[in-house]
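The values are calculated or read from the model by the stated rules, or taken from the named source; none is laboratory data. Bear in mind the structure is a predicted one, so any value in this text is a computation, not a measurement. When we count neighbours, we look across all protein chains shown, and the Cβ atoms used for this are built from the backbone with ideal geometry, even at glycine.
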Amino acid sequence: MKHYLLGLFDDEEVLLKAVDYIKSHHLRIHDVVTPFAVHGLDQKLGLRESRLHVGGFWVGAAAAITAVSFMTWVFTANWPIIFGGKPYFSFPAFIPITFEFTVLNASFWMTFAFLVLCHLWPGRFRESLDPRTTSHLFGVVFKITPRTTEADLQRMREVLLQAGAVEVKERMMEKHY
Amino acid sequence: MHPESYIRPPLIHGHKDYLQITEDICRAVEARPSRSWWIAFAVSAAVMLWGFFVIGWTIWFGIGTWGLNRTVGWGWDITNFVWWIGIGHAGTLISAILLLFRQKWRTGVNRAAEAMTIFAVICAALFPVFHMGRVWMAFYNLPYPNTRGPLWPNFNSPLMWDVFAISTYFSVSLMFWYTGLIPDLATIRDRAKKQWAKVFYGILSFGWVGSAKHWQRHESLSLVLAGISTPLVLSVHTIVSFDFATSVVPGWHTTIFPPYFVAGAIFSGFAMVLTLMVITRKVLNLQDYITIDHIESMNKIIVLTGSIVGMAYLTELFVAWYSQNPYEQYAFANRALGPYWWSYWSMMMCNVISPQLFWVRRLRRNVWFTFFMSIIINVGMWFERFVIIVTSVHRDYVPSNWSMYSPTWVEISFFLGSLGLFFTAFLVFAKLMPVIAMAEVKHILKTSGEEQKRRQLEAVRHHQPAAAVTGSH
């Protein structure tokens, strides 16, 4: 059983201030769940910048090199054919396919990496801690471990309410939420 | 969040908060389908099934059942292909290019436009695939090691480029659309009351819960996909235009084709988005999210791209005259004055003359006029492709080859079937999935909501003299 404490906020500006406030009280925020992307939240939580785009660049570069070298190999070494009197290595004609192959691979592998990194796949049933956090409420999540004392829990609740939470609730889950 | 002036017209009308947005948009998904939905679905599905029957007919008897002949080898098939691909350009333009340009009105229409793109590309792909004749050999297009040499496809051929362009465009649009849809499907999953809906949307939403880290990656992915989809969307119709422009057929062998085709694609794509959205906003009661300002923005893009298309037509005529090439000149004279004159003048009326009416603000903001025009433009853009393809080839260099072309019932039914497929897919989408990107609309609520703007304005008024707030307008 996993045990969480959830503080619900109804406005993202209150939420952003609350994150600062909670951090100033030296409480460890496990996660923040929001119905949409709140800009600036990742910096406040101290999350490392996503490197998906870096990966996408290298996959794209590899795909571009693969496409050009494959077409070059086919038309100069493996099965040379003269098309309309053009040279075997007719680079300008290779550009469209190289471009498309680059875009396809960069997009596909970035999307794939996104799904894998976030553990998202069809059939991954996951329950939200509170169904309203995918609709209109913003949730700050604390993890409750066997080492969390009743006094800690009480302090967490107080800090959440002082920070402007509209509701604080505990939640037991079979698996990670 | 990017600040926005509070005197700019709001993009979300009414007194909305986040919960209200969720409820307004989920209502269509959660309610039982209406009688009119069932009627529309039944009609579209029946036409689609007729189309499938005709595809079977084509496979069984061969493309000899079509009206093509030795001179006119491309007729309705490729006309329909280019028409559908053009329609498929608006979705990615709205979601990618307008995202990069920070056009917030995009959020009201992007989801439905992307869905429309995907369905249009599927419809488009049917035509060249079945035009191959022996469709079971379609895999010959793919570069795979084979026992014929190995003999590879011709990577120097624009038709081969098209295979890559269309399949890439379809795949990237699908990924872009679906990753954007995941958070909204999770919203529906969490609201679901019935067991089947919990399971169904649970599978579709991939287990999304909206963690901060996931949103950060989601934003990063969307931005990069938008960045690389922008040149992609331009490349696709450029490559489609290469199918013609790299040939030596007078009327096709034109350097202006790539930009002219891209502008035409966006023109027709926005027309189809308007056709669908004017109905959808009314039927699903979403006028607060797809406002008259959204419609006006799209009409402005229509008048811009329509003017580019008109300019391109005139440039083609000028260059034909200026080239002093008799074959080129004849090709254009034949378009306007030859046996297919009616298609040329329909195209001119629908694409060049009528969109100019959108310079009038009143007409741009009139929903019924917009709907009427969106149909006219789609008809016009269909004629454009027909004119380019059929009138250019039906009279070639050797007069003894001259011929006429008219479609058979098989081609007409195939086209109707593709329309049936498109509307069936859109109806199913509009019933099962949120037609508006909820998470994105919520993201802009604080800056672009009507009520939020009013409050900002009041807050400023309390601190400053009124004249400083309203400015001099």
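Points worth noting:
- Among residues of the range B:259-291 being of a type in the set (A, V, I, L, M) and at pLDDT below 90, the one that is surrounded by the most Cβ atoms within 10 Å (Cβ to Cβ) is B:L284.
- Count - residues of the range B:205-222 that are in contact (Cβ under 8 Å) with a residue 24 or more places away in the chain and touching a helix residue (DSSP H, G or I) at 6+ places or on another chain (Cβ under 6 Å): 4
- Residue within the range B:125-148 that is of a type in the set (G, A, S) and under 30 Å from B:D184 (Cα atoms) present: yes
- Of the criteria (1) surrounded by 14 or more Cβ atoms within 10 Å (Cβ to Cβ); (2) within 30 Å of B:T238 (Cβ to Cβ); (3) of a type in the set (S, T, Y); (4) more than 9 Å from chain B (Cβ to nearest Cβ), which one A:T111 fails: (4)
- Candidates are the residues of the range B:377-410 that are touching a helix residue (DSSP H, G or I) at 6+ places or on another chain (Cβ under 7 Å) and without any contact (Cβ under 8 Å) to a residue 60 or more places away in the chain; the one that is farthest from B:A271 (Cα to Cα) is B:V387.
- All positions within the range B:282-304 that are part of a helix (DSSP H, G or I) and of a type in the set (A, V, I, L, M): B:V283, B:I292, B:I295, B:M298, B:I301, B:I302, B:V303, B:L304
- When the residues of the range A:19-51 are filtered to those that are charged (D, E, K, R), free of Cβ contacts under 8 Å to residues at least 40 places away in the same chain and more than 25 Å from B:L19 (Cα to Cα), the one that is surrounded by the most Cβ atoms within 10 Å (Cβ to Cβ) is A:K44.
- Residue that is farthest from A:P35 (Cα to Cα), among those in the range B:191-212 that are of a type in the set (F, W, Y) and more than 7 Å from chain A (Cβ to nearest Cβ): B:W196
- Check on B:I279, more than 12 Å from chain A (Cβ to nearest Cβ) and either under 30 Å from B:V352 (Cα atoms) or part of a helix (DSSP H, G or I) (or both): yes
- Within the range B:151-193, the set of residues being farther than 24 Å from B:I78 by Cα and within 26 Å of the chain's Cα centre (by Cα) comprises B:M175, B:F176, B:W177, B:Y178, B:T179, B:G180, B:L181, B:I182, B:P183, B:D184, B:L185.
- Whichever residue in the range B:167-176 is surrounded by 22 or more Cβ atoms within 10 Å (Cβ to Cβ) and more than 7 Å from every other protein chain (Cβ to nearest Cβ) and, among such residues, is farthest from B:T117 (Cα to Cα): B:F176
- Residue within the range B:52-60 that is in contact (Cβ under 8 Å) with a residue 60 or more places away in the chain and within 18 Å of the chain's Cα centre (by Cα) present: no
- Scanning the range A:132-172 for residues that are of a type in the set (V, I, T) and exposed (fewer than 13 other Cβ atoms within 10 Å of the Cβ) yields A:T145, A:T149.
- When B:N378, B:N366 are screened for being of a type outside the set (A, V, I, L, M, F, W, C) and buried (at least 20 other Cβ atoms within 10 Å of the Cβ), only B:N378 passes.
- Within the range B:20-42, the set of residues being free of Cβ contacts under 8 Å to residues at least 12 places away in the same chain and of a type in the set (A, V, I, L, M, F, W, C) comprises B:A31, B:W38, B:I39, B:A42.
- The condition (being farther than 30 Å from B:R148 by Cβ, assigned to a helix (DSSP H, G or I) and within 11 Å of chain B (Cβ to nearest Cβ)) is satisfied by just one residue among A:E49, A:E13: A:E13.
- Cβ pairs under 9 Å, 6+ apart, first in the range B:427-448 and away from every other protein chain (no Cβ under 11 Å) and polar (S, T, N, Q), second surrounded by 24 or more Cβ atoms within 10 Å (Cβ to Cβ) and not in a helix (DSSP H, G or I): B:T447/B:L11; B:S448/B:L11; B:S448/B:I12
- Within the range A:16-37, being among the hydrophobic types (A, V, I, L, M, F, W, C), facing chain B (nearest Cβ under 10 Å) and not in a loop (DSSP other than H, G, I, E, B) holds for A:V19, A:V32, A:V33.
- Flag for B:W161 being within 12 Å of another protein chain (Cβ to nearest Cβ), among the hydrophobic types (A, V, I, L, M, F, W, C) and more than 18 Å from B:T238 (Cα to Cα): no
- Selection of the range B:312-352 for residues being within 22 Å of the chain's Cα centre (by Cα) and among the β-branched types (V, I, T) yields only B:V352.
- Unmet requirement for A:L129, which otherwise passes all of (1) more than 7 Å from chain B (Cβ to nearest Cβ); (2) within 18 Å of the chain's Cα centre (by Cα); (3) buried (at least 18 other Cβ atoms within 10 Å of the Cβ): (2)
- Sub-7 Å Cβ pairs linking a first residue in the range B:141-158 that is more than 10 Å from chain A (Cβ to nearest Cβ) to a second residue that is among the aliphatic types (A, V, I, L, M), at least 6 apart or interchain, are B:N141/B:V163, ordered by first then second residue.
- If the condition is being over 22 Å from the mean Cα position of the chain (by Cα), closer than 25 Å to A:E49 by Cα, in a helix (DSSP H, G or I) and among the small types (G, A, S), then the range B:209-249 contributes B:A212, B:S220.
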